[in-house]
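First up is the structure itself, then whatever we jot down about it.
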Amino acid sequence: MLNISDIQVERVNVLIAGSGAAGMRAAIAAHDAGASVMVLAKGPARANHTRMSGGRYNAVSGLNPMDSPDAFYRDTVESGCNINNHELARILAEEAMDRAYDLESYGLAWDRKVPSEYVLSMTGGGSFVRTIGSADEGIGITEVMLHQLYKRGVQIRDFHMLIEVIRDDDHVQGVLALDLAHGVWRYIECGAVIIATGGTSQLYETSSGPTINTGDGIAIALRAGAELVDIEFMQFIPISFVYPPSARGYTLTEPAHYGMRHYDPKAEAAHLHNKHGERFVLKHDPVRKEGSTRDVLARAIMIEILEGRGTPEGGVLMIPDPQVFEGFLRERPIYVKRLLENYGEGQARLEAPIQVMPSALYTLGGVRIDPWCATSVAGLFVAGEAAGGVHGANRLGGSSMPDIQVFGRRAGMAAARHVGATDRSQTSGFEAARARANALEAPLRSTGGLRPPEVKKRIQKLMWDNVGLVRSGDRLEDTLRQFRELRDNVVPTLTVMGKTRILNREWMEAIEIENLLDIGEAMISASLQRKETRGAHYRTDFPAIDPRWQANIWVQKLGKGAWRVEKKAVAAPTALAGAQLATAGAAE
Amino acid sequence: MTDAVTMEVKILRSSPSEGVPSAYQHFTVQGTDNMRVLDVIRSIYENQAGDLAYQFACRIGRCGTCAMRVNGVPVLACQERCKLQMRIDPLSPFPVVRDLVVDRTEVETRYAQMALTPAGPQSNARVRPIAPAVAEELCHLDSCLACMVCVSGCPAVEEHAFDGPAFMLKLRHMQEHPADNGDRLGQALDGGLLECFACDACTQLCPADLSPAQAIRDFRRDMIIGSKPK
């Protein structure tokens with residue numbers, strides 16, 4: 001057993017896990033509401049998913065007179081196949097623009113052609129031109145936010161991995177974290193925890209997100225007793241790079257794919273061909289064709305690849321439109337450079353066919369939250385990709401950026417308010433933290449078991465093949481059996497090659513594996529229950545949408561091997577959002 | 001399209017906090033010629049040295065956290081094409097945590113001290129007018145990855161009291177921002193602006209295709225003829 005002195009104890013009002021935009025926006029809001037705040041980053045703070053984003057941002061700016069918050073809300077719910085949490089979707093539509101203005105006040109400059117008007121463009125699934133952006137993309141967004149944290153003196157702890165939320169019967173007490181750079185355990189007492197650790201794209205063999213997005217926070221919230229909602233829905237981006245190995249799965253941004261449609265909703269998107277030169281998307285969506293939603297396109301491409309009509313490298317061919325090259329070069333120069341380096345000059349000039357493949361992009365479901373990001377565990381808040389409900393069964397392109405700003409701020413405000421309203425002594429969680437830390441030291445002591453990277457790859461392959469774009473009852477059942485087998489027989493003997501405590505990547509991966517298995521099992525359980533096809537969830541044995549399944553699935557972990565998977569009615573549309581807005585404005 | 005290759009790689013390993021001194025470890029890696037340096041390192045971690053410490057996250061040149069030196073040249077490992085013979089060192093002149101991972105504490109403290117936030121109201125829900133050309137330039141300057149490749153490759157940093165090109169670029173970003181009212185030229189001078197001897201190495205090395213050297217030239221021009229009014 002670890003000694004008491006092996007765990008360093010600290011104290012803060014609001015503990016935020018995650019250094020992407022949701023976590024940083026929460027930190028700004030919580031700090032400005034008077035709370036002391038600490039942000040944990042699993043790697044260096046800049047290693048986050050927001051930074052990798054194209055930064056395209058859906059908001060109703062007033063510049064397109066056809067558009068309105070109501071239209072944005074309706075697009076969100078339509079894209080989400082009517083199972084979104086309607087209240088969350090409405091809040092997103094109504095608050096997105098104010099948060100875009102916040103970003104500009106932080107130092108960002110949205111693209112414009114005249115001084116006070118932003119440039120608008122289309123993204124996947126939207127019915128109006130409403131998306132703003134900036135040429136510095138996710139890099140710019142995260143940079144200006146990071147400097148706002150510095151200005152406020154918010155503590156940022158690099159290389160601190162969230163391990164577990166510690167709670168008693170009725171409230172969060174603190175968190176156990178592993179300081180990877182020093183190999184030291186920390187127990188951080190706090191009045192509120194905000195999980196903003198992003199999604200779980202690393203469950204899949206090919207993914208576009210950063211390597212640290214192993215869904216830690218989602219699994220930790222699940223183990224702390226919170227419910228997951230819509231966790232069966234994983235969004236795959238249809239258009240990503242196929243090679244070289246490091247770039248495989250990285251998003252190839254939408255202008256190249258949308259062609260002139262990027263500017264004009266009536267124009268055609270770039271055609272997609274299989275190796276026989278067939279426009280296979282027409283079989284799946286003869287109306288919208290290649291301008292269809294991301295879920296339809298990703299699945300169509302995956303089926304071509306799985307059925308042997310893909311390229312030898314494992315992709316299909318996108319025929320780009322050279323007309324958009326100049327605009328693409330101006331708006332997204334970094335992608336032109338990537339195309340040039342990865343593929344060649346013809347592809348970079350959008351003159352030669354570009355190999356593309358789908359890739360795991362965004363965890364649509366996540367921890368169930370209320371409009372103020374509170375979970376069913378008192379003191380535990382969740383925002384951003386780790387939360388579920390905003391996007392339902394599928395997400396509009398350009399909606400993750402406003403989501404993480406809008407709900408990041410709400411989580412920060414609510415957590416600060418929560419801390420102010422409770423006066424608790426938190427020291428009782430220490431022993432639980434110590435026991436957990438002790439158990440997680442096992443791979444450092446163990447010999448003869450499998451290495452964590454090997455097991456992680458096995459999980460990623462199983463998820464990609466069976467719990468990805470194309471699913472069926474048999475294969476889901478079989479994968480669940482294999483996961484349980486891994487959990488029972490392989491995980492307990494995981495062994496790391498090096499026994500150092502300092503930046504031991506294998507040890508970190510051993511800890512991630514438990515998180516991956518928890519979310520994987522939740523995802524499979526919900527996917528098995530949902531006997532239909534909807535949005536990002538496609539069952540070959542139930543290929544049609546079923547109106548009886550216009551419902552959510554909640555998943556709760558009851559204990560070792562025991563799960564509650566329940567069908568729940570969709571949270572009804574509500575007119576409350578206006579009142580919520582007024583409250584939000586008054587509180588800041 | 002891709003050819004199989006055999007690479008000879010040596011990596012400088014150390015663990016200062018555990019008293020493990022620096023020493024090169026040699027690896028032979030079978031791969032393809034389109035691999036990036038990061039792919040080679042990941043292959044070594046997965047197949048030969050599970051205890052190798054290295055840092056990366058995005059693998060596509062955006063997070064800026066995988067900077068290291070390959071055959072003496074500072075690069076992002078995820079962007080640099082592999083070579084048949086590689087000597088890989090942690091990014092100098094920064095302190096090493098372990099193997100290829102450096103401690104950025106001082107770097108981040110420096111950024112924090114520079115107060116890189118524009119002034120003005122923080123919650124006014126209105127468009128702040130910015131000339132389109134200025135907005136474009138702001139976006140350009142704000143795409144610095146803070147990867148420290150230019151700082152590592154700057155001969156002036158090595159020899160003089162100079163913060164380094166990346167910091168000059170960030171100060172220039174603020175200088176160009178219409179809502180900023182800080183004395184950015186003064187900060188740049190305090191950070192060693194005049195120590196730069198205009199070799200342009202930073203611009204050649206920048207993985208984001210930025211020109212810190214131009215930011216430095218702009219500040220020097222401001223010194224002589226004064227800056228444009230905002």
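A Cβ distance below 7 Å, combined with a sequence gap of six or more or placement on separate chains, defines the contacts here; from region A:177-191, residues that are more than 14 Å from chain B (Cβ to nearest Cβ) reach residues that are outside any strand (DSSP E or B) and among the acidic types (Asp, Glu) in the pairs A:Trp185/A:Asp6. Cβ-Cβ contacts under 6 Å between residues 6 or more apart (or on different chains), taken from a first residue in region B:142-155 that is within 11 Å of chain A (Cβ to nearest Cβ) to a second residue that is part of a helix (DSSP H, G or I), are listed as B:Asp142/A:Gly140; B:Asp142/A:Glu143; B:Asp142/B:His173; B:Ser143/A:Ile139; B:Cys144/B:Leu169. Counting only strands (runs of 3 or more DSSP E) wholly contained in region B:14-131, the ones carrying 1 or more residues that are at the interface with another protein chain (Cβ under 10 Å from one of its Cβ atoms) occupy B:20-32, B:96-98.
Of all residues in region A:528-535, at least one satisfies being assigned to a helix (DSSP H, G or I) and among the hydrophobic types (A, V, I, L, M, F, W, C).
Yes/no per residue for (1) modelled with pLDDT of 95 or more; (2) hydrophobic (A, V, I, L, M, F, W, C); (3) in contact with a strand residue (DSSP E or B) (Cβ under 6 Å, 6 or more places away or on another chain):
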| residue | (1), (2), (3) |
| --- | --- |
| A:Thr200 | yes, no, yes |
| A:Gly225 | yes, no, no |
| A:Val229 | yes, yes, yes |
| A:Ser246 | no, no, yes |
| A:Leu252 | no, yes, yes |
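There is no residue in region A:76-92 that is among the β-branched types (Val, Ile, Thr), within 14 Å of another protein chain (Cβ to nearest Cβ) and touching a strand residue (DSSP E or B) at 6+ places or on another chain (Cβ under 9 Å). Counted as qualifying within region A:129-242 are the strands (runs of 3 or more DSSP E) with 2 or more residues that are more than 19 Å from A:Ile519 (Cβ to Cβ) and over 20 Å from the mean Cα position of the chain (by Cα), namely A:155-157, A:160-167, A:172-179, A:184-195.
Within this structure, A:Glu313 passes the test of being within 13 Å of chain B (Cβ to nearest Cβ) and more than 22 Å from A:Gly138 (Cβ to Cβ). Could you please let me know if A:Arg484 is among the basic types (Lys, Arg) and at pLDDT 95 or above? Spelling it out, A:Arg484 is indeed among the basic types (Lys, Arg) and at pLDDT 95 or above.
Would you mind telling me which numbered condition in (1) within 30 Å of A:Thr251 (Cα to Cα); (2) hydrophobic (A, V, I, L, M, F, W, C); (3) away from chain B (no Cβ under 14 Å) A:Val419 fails? In the conditions (1) within 30 Å of A:Thr251 (Cα to Cα); (2) hydrophobic (A, V, I, L, M, F, W, C); (3) away from chain B (no Cβ under 14 Å), A:Val419 misses (1) alone. Checked against the criteria, B:Ile11 does not count as touching a strand residue (DSSP E or B) at 6+ places or on another chain (Cβ under 9 Å), outside any strand (DSSP E or B), closer than 20 Å to B:Ala67 by Cα and away from chain A (no Cβ under 11 Å). Looking at B:Glu159, B:Glu136, B:Glu108, B:Glu80, just one residue is without any contact (Cβ under 8 Å) to a residue 40 or more places away in the chain and under 21 Å from A:Lys337 (Cα atoms), and that residue is B:Glu136. When the residues of region B:152-163 are filtered to those that are surrounded by fewer than 17 Cβ atoms within 10 Å (Cβ to Cβ) and in a helix (DSSP H, G or I), the one that is farthest from the chain's Cα centre (by Cα) is B:Glu159. A:Met66 meets each of the listed conditions (1) within 24 Å of the chain's Cα centre (by Cα); (2) modelled with pLDDT under 95 apart from (1).
The values are calculated or read from the model by the stated rules, or taken from the named source; none is laboratory data. All figures in this text were calculated on a predicted structure; none of them were measured in a lab. Positions of Cβ are backbone-derived with ideal geometry, glycine not excepted, and every protein chain shown enters the neighbour counts.
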